[in-house]
Amino acid sequence: MPELKRLDAGHAPAVLAFELANRAYFAASISDRGDDYFEQFTERYNALLAEQEAGVCAFYVLVAEDGSVLGRFNLFDIADHSANLGYRVAQHVTGRGVATAAVRELCELAAAEHGLRILRAAAAFENAASRRVLAKAGFVPDGPAQPGGKPGTWYRRDLAPGQRR
């Protein structure tokens, strides 16, 4: 069974493999990371770990039993008991409830481990799958957004201690 784990240095090779294997799939619905991302992966990855250590972000990976990464789930811009949520899952696990289950679990962790009360996430209108995940995880529309420069909607979920959806 896949497990949501806090990002650490040991995940770097599996994260890079995940990003490379799914690059074209991701680029079809969200902005491509660009060649620089992959050329400077080690430096960027280490910067993420430093941000996490500083407490401004919290990064998680959904790890399969074989150690491969099935998804990335990030809390960023943590401030004033709120954060933004971003996520991406591997193409081969889409449509199976994997993202919804991980987002729900991350909502619980956000409240219990990080003391967050509000999560926000943006999804483009054309990204119907992401909008469905957010709705199933208890997020509600909260105004216009431009994720990746594309028209979309902000979603919001108020977190309460012990709240499950």
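Which of the following residues is of a type in the set (D, E, K, R), at pLDDT 95 or above, surrounded by 15 or more Cβ atoms within 10 Å (Cβ to Cβ) and in contact with a helix residue (DSSP H, G or I) (Cβ under 9 Å, 6 or more places away or on another chain): Arg120, Arg72, Arg132?
Arg72
Considering (1) over 15 Å from the mean Cα position of the chain (by Cα); (2) at pLDDT below 95; (3) closer than 19 Å to Cys57 by Cβ, say which one Pro147 fails and leave the rest.
In the conditions (1) over 15 Å from the mean Cα position of the chain (by Cα); (2) at pLDDT below 95; (3) closer than 19 Å to Cys57 by Cβ, Pro147 misses (1) alone.
Select, from Ala160, Ala129, the only residue that is in a loop (DSSP other than H, G, I, E, B) and more than 21 Å from Leu7 (Cβ to Cβ).
Selected residue: Ala160, the only one of Ala160, Ala129 that is in a loop (DSSP other than H, G, I, E, B) and more than 21 Å from Leu7 (Cβ to Cβ).
So Ala135 fits all but one of (1) among the aliphatic types (A, V, I, L, M); (2) within 19 Å of Ala58 (Cβ to Cβ); (3) in a helix (DSSP H, G or I); what number is the exception?
So Ala135 meets the others, but not (2).
This table checks each residue for (1) out of contact with any Pro (no Cβ under 7 Å at 6 or more places or on another chain); (2) within 18 Å of Arg131 (Cα to Cα); (3) in contact (Cβ under 8 Å) with a residue 12 or more places away in the chain.
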site	(1), (2), (3)
Gly10	yes, no, no
Glu19	yes, no, yes
Ala64	no, no, yes
Asn84	yes, yes, yes
Ala99	yes, yes, yes
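The values are calculated or read from the model by the stated rules, or taken from the named source; none is laboratory data. Keep in mind that what you see is a predicted model, and the values were worked out from it rather than measured. Positions of Cβ are backbone-derived with ideal geometry, glycine not excepted, and every protein chain shown enters the neighbour counts.
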